[in-house]
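Undergrad: I'd like to ask you about the structure that follows.
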Amino acid sequence: MLLKKLFATVLCVSLLPLAFSCKKQSGETIKIGAIFAVTGPASFLGAPEAKTAQMMVDEINNSGGVNGKHLKLIIKDSAGNPEKAISFAKQLIEEEKVFAIIGPSTSGETMKIKTICEDGKTILISCAAAEVIVNPVARYVFKSPQKDSHAVQKIFEVMKKKGITRIGIVSSNDGFGIAGKEQLEKIAPAQGIQILISEVYDKKATDLTGVLTKLKAKNVQAVVNWSIVPAQSIVAKNMKQLNINAPLFQSHGFGNIKYVKEAGEAAEGIIFPCGRLLIAESLPANHPQKSLLMKYKKDYESKYGEDASTFGGHAYDAMLVLIEGIKKAGSDKEKVRDAIENLKGVAGTAGIFNFSPQDHNGLDINAFDVLTVKGGKFVKYE
Amino acid sequence: MSFEHLLQYVLSGITNGSIYAIVAIGFNIIYNTTGIINFAQGEFVMLGGMTAISLAAFMPLPLAILAAVVITSFAGALIDFLFIRRLKSPSVLNMIIVTVGLSIMIREIALHIWDEKVRSLPYFTGNEIASINLLGAYISPQVLWVLGVCSVIVVFLGLFFKFTLTGKSMRACASNMTAARLCGINTRNMVTISFMLSAAIGALAGCVISPITQTQYDCGTSLAIKGFTVAILGGLGNSTGAIIGGVIIGLLEAFSISVMPLAYKDAIAIAILLVILFVKPSGLLGAREAAELKEF
């Protein structure tokens, strides 16, 4: 009995330094939380985002970390579910006490956890696109993808050049679709564009011939589809089946070559605004984003054996911005927040970031190029 | 509304309706043998589509579809062998809950085998931009494939259940499991066959609709919900009823789209379904006497 107690005491004492050393080590790592829709209906966003974030953290840790500190990435899979995103955000802030959170992938989820991060004084760099995330500005909330309103303006610019004034809109019933629809309807009158019909479809829709017939009956000159879901390919296919010859415009959500493959022949001629990742090869050598885009594309494609998409790029930018902030301001949350707010001229995959206290997105309309599909590939729209 | 547009809505309704119907038929087979609703039916559809897409990379399309159907039907047999057969005294409710669990499990397994990406089979005839002009309205050739396969399945099942010994035995199991066993029918094997058959039909459905709806690891659930609704409307267990029910729901949806915003289409279809069920609780073609004998 006595021997047992003695043994236990010895064990405790001998383990003590180990416990201390552990604690010391954890002080040298920076914990970064990530909430991505790795599975579920928005997985085409979340999966490349999670892969990209992990790739960047591994690379940074292999080259000695940030300011000598290693990064620890904790990825939570929300499956695109806002309720899950809420509980993960609380868990990351309260239990894991993370330094900052990257994600979520979708606008709906981001809006749900915005106040949680504000209350928890934790930096949130969202990878979702809707403008409401940073407008009005919240102190700790940033976002890396381009703004909806800029995408809408780019689309309307093209329409005006083509002499299109009467359009029909279809959008999905998720955060991204709803936000885009609002922007389209808000900006159209000022641009002299008349919206004849605007319909919302379920994000899991599998056939849209019914609603497209309705658009056809209105004789629209162009169709705008605003969504990030697989229905983007279905809209294209259905339009061809119904013999609707009006051009199809899509949002920057179409920037995934997978959707082009799914739509096949029907994808030809789709016009959409997008970041430059998809046309990185054809950028002039002196373009400020060229080398970064080529590197990301090469790294991602060689590591995971799949095409890089702009969505993974959003996670890349979010990490990039956060790391730039940490490099400038060390490991104090408040100081890093201030540093991010004042970052200027940081080239990311989505564009050149110029943050300010009024602008927590930092991208201007030039972050977008207008692309189209030709021969199954993305090319710049001329 | 001009004639062309009217016809176009009808065609759009038939497209959707035929997709619902082909899924609904799968529900009916297992219901006919066991009296249970197999909530993993949508997952069979997904498995069939996914397997065929993977195999199509190595072999010609018809062979890939055939192989996918065979593989999925073995998956159905495996499910019965591993889970349903092991139940000590299976009540209808027990079995239904097992199938709900299975549907979640199959989905997760599919996520690990494949990934989260959307895929689709190539169009059987023509391609993404092919369309057939019918009096000014347009239809994709693939829809004709879905309708054709649907009809062939219904005829085949009708003959199978009416004229073959196995088919008759399966129906006997559905009417009264104990009596069937007393007559010397191996009821357990009949249940296995019904799982194989409905998995095979689900897989075939998954292949023919894949070019239209696209296939993803979690696409089974929403298909199963609509398929289930249609099966109830047509009368559970009745395959002709499934087709009629499918087309009715499809048309209702299409015409609700023509007059109301798209967002209301499910609400309208389900509301009318409820009305029909108030008037005829056993479904359009379901026999009331048969329904009263069932537990569910």
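Undergrad: Looking at (1) touching a Phe, Trp or Tyr at 6+ places or on another chain (Cβ under 7 Å); (2) crowded, with 18+ Cβ neighbours inside 10 Å, which one does A:Asn243 not meet, given that it meets all the others?
TA: So A:Asn243 meets the others, but not (2).
Undergrad: From the list A:Lys258, A:Lys240, which residue is part of a helix (DSSP H, G or I), out of contact with any Leu (no Cβ under 6 Å at 6 or more places or on another chain) and under 24 Å from A:Ala47 (Cβ atoms)?
TA: That would be A:Lys258, the only listed residue that is part of a helix (DSSP H, G or I), out of contact with any Leu (no Cβ under 6 Å at 6 or more places or on another chain) and under 24 Å from A:Ala47 (Cβ atoms).
Undergrad: Take the stretch A:125-170 and flag every residue that is buried (at least 17 other Cβ atoms within 10 Å of the Cβ), touching a residue at least 40 places away in the same chain (Cβ under 8 Å) and over 18 Å from the mean Cα position of the chain (by Cα).
TA: A:Gln153, A:Lys154, A:Ile155, A:Val158, A:Met159, A:Ile164, A:Ile167, A:Gly168, A:Ile169, A:Val170
Undergrad: Return yes or no: is A:Leu292 closer than 16 Å to A:Asp369 by Cβ, aliphatic (A, V, I, L, M) and assigned to a helix (DSSP H, G or I)?
TA: yes
Undergrad: Of the residues that make up the stretch A:319-331, is at least one charged (D, E, K, R), surrounded by fewer than 16 Cβ atoms within 10 Å (Cβ to Cβ) and more than 15 Å from the chain's Cα centre (by Cα)?
TA: yes
Yes/no per residue for (1) modelled with pLDDT under 95; (2) surrounded by fewer than 21 Cβ atoms within 10 Å (Cβ to Cβ); (3) of a type in the set (A, V, I, L, M):
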| position | (1), (2), (3) |
| --- | --- |
| A:Gln54 | no, yes, no |
| A:Gly64 | yes, yes, no |
| A:Phe88 | no, no, no |
| A:Thr110 | yes, no, no |
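Undergrad: Looking at (1) closer than 19 Å to B:Ala110 by Cβ; (2) within 14 Å of chain A (Cβ to nearest Cβ); (3) part of a helix (DSSP H, G or I), which one does B:Ala57 not meet, given that it meets all the others?
TA: The one condition B:Ala57 does not meet is (3).
Undergrad: Can you pull out the residues in the stretch B:119-130 that are in contact with a helix residue (DSSP H, G or I) (Cβ under 6 Å, 6 or more places away or on another chain) and either at pLDDT 85 or above or closer than 30 Å to A:Ala79 by Cβ (or both)?
TA: B:Arg119, B:Ser120, B:Leu121, B:Tyr123, B:Phe124, B:Thr125, B:Glu128
Undergrad: A follow-up question, please. Where residues in the stretch B:214-238 are closer than 26 Å to B:Phe124 by Cβ and hydroxyl-bearing (Ser, Thr, Tyr), which of them is modelled with the highest pLDDT?
TA: Ranking the qualifying residues of the stretch B:214-238, first place goes to B:Thr215.
Undergrad: For the stretch B:132-160, what are the residues that are under 23 Å from the mean Cα position of the chain (by Cα), within 11 Å of another protein chain (Cβ to nearest Cβ) and either exposed (fewer than 15 other Cβ atoms within 10 Å of the Cβ) or in a strand (DSSP E or B) (or both)?
TA: Once the filter is applied, which keeps residues that are under 23 Å from the mean Cα position of the chain (by Cα), within 11 Å of another protein chain (Cβ to nearest Cβ) and either exposed (fewer than 15 other Cβ atoms within 10 Å of the Cβ) or in a strand (DSSP E or B) (or both), the stretch B:132-160 yields only B:Ile139.
Undergrad: Given the conditions (1) in contact (Cβ under 8 Å) with a residue 60 or more places away in the chain; (2) within 14 Å of chain A (Cβ to nearest Cβ), and given that B:Ile129 satisfies all but one, which numbered condition is not satisfied?
TA: Unmet condition: (1).
Undergrad: A further question on this structure: Out of B:Glu4, B:Glu43, report the one residue that is away from chain A (no Cβ under 14 Å) and either in a helix (DSSP H, G or I) or surrounded by fewer than 21 Cβ atoms within 10 Å (Cβ to Cβ) (or both).
TA: B:Glu43
Undergrad: Here is a list of conditions, (1) on the phi < 0 side of the Ramachandran plot; (2) buried (at least 24 other Cβ atoms within 10 Å of the Cβ); (3) under 18 Å from the mean Cα position of the chain (by Cα), and A:Gly80 meets all of them except one; can you say which number that is?
TA: Failing condition for A:Gly80: (1).
Undergrad: Another one. Are any residues in the stretch B:192-223 farther than 16 Å from A:Ala205 by Cβ, of a type in the set (A, V, I, L, M) and within 13 Å of the chain's Cα centre (by Cα), and if so, which ones?
TA: Correct list: B:Leu197, B:Ala199, B:Ala200, B:Ile201, B:Ala203, B:Leu204, B:Ala205, B:Val208.
Undergrad: Continuing with the same structure: Please tell me if B:Glu43 is farther than 23 Å from A:Asn238 by Cα, free of Cβ contacts under 8 Å to residues at least 24 places away in the same chain and acidic (Asp, Glu).
TA: No.
Undergrad: Has the stretch B:203-213 got at least one residue that is at pLDDT below 90, farther than 29 Å from B:Leu274 by Cα, crowded, with 24+ Cβ neighbours inside 10 Å and in contact with a Pro (Cβ under 8 Å, 6 or more places away or on another chain)?
TA: no
Undergrad: Could you tell me how many of the residues in the stretch A:185-231 are among the polar types (S, T, N, Q), at the interface with another protein chain (Cβ under 10 Å from one of its Cβ atoms) and touching a strand residue (DSSP E or B) at 6+ places or on another chain (Cβ under 9 Å)?
TA: Total meeting the criteria: 3.
Undergrad: Let me ask something additional. Of the residues A:Glu281, A:Glu268, A:Glu301, which is charged (D, E, K, R) and either within 14 Å of another protein chain (Cβ to nearest Cβ) or within 30 Å of A:Thr165 (Cβ to Cβ) (or both)?
TA: On inspection, the qualifying residue turns out to be A:Glu268.
The values are calculated or read from the model by the stated rules, or taken from the named source; none is laboratory data. In this text, all values refer to a predicted model and were calculated from it rather than measured experimentally. Virtual Cβ from ideal backbone geometry, glycine too; neighbours counted across all protein chains shown.
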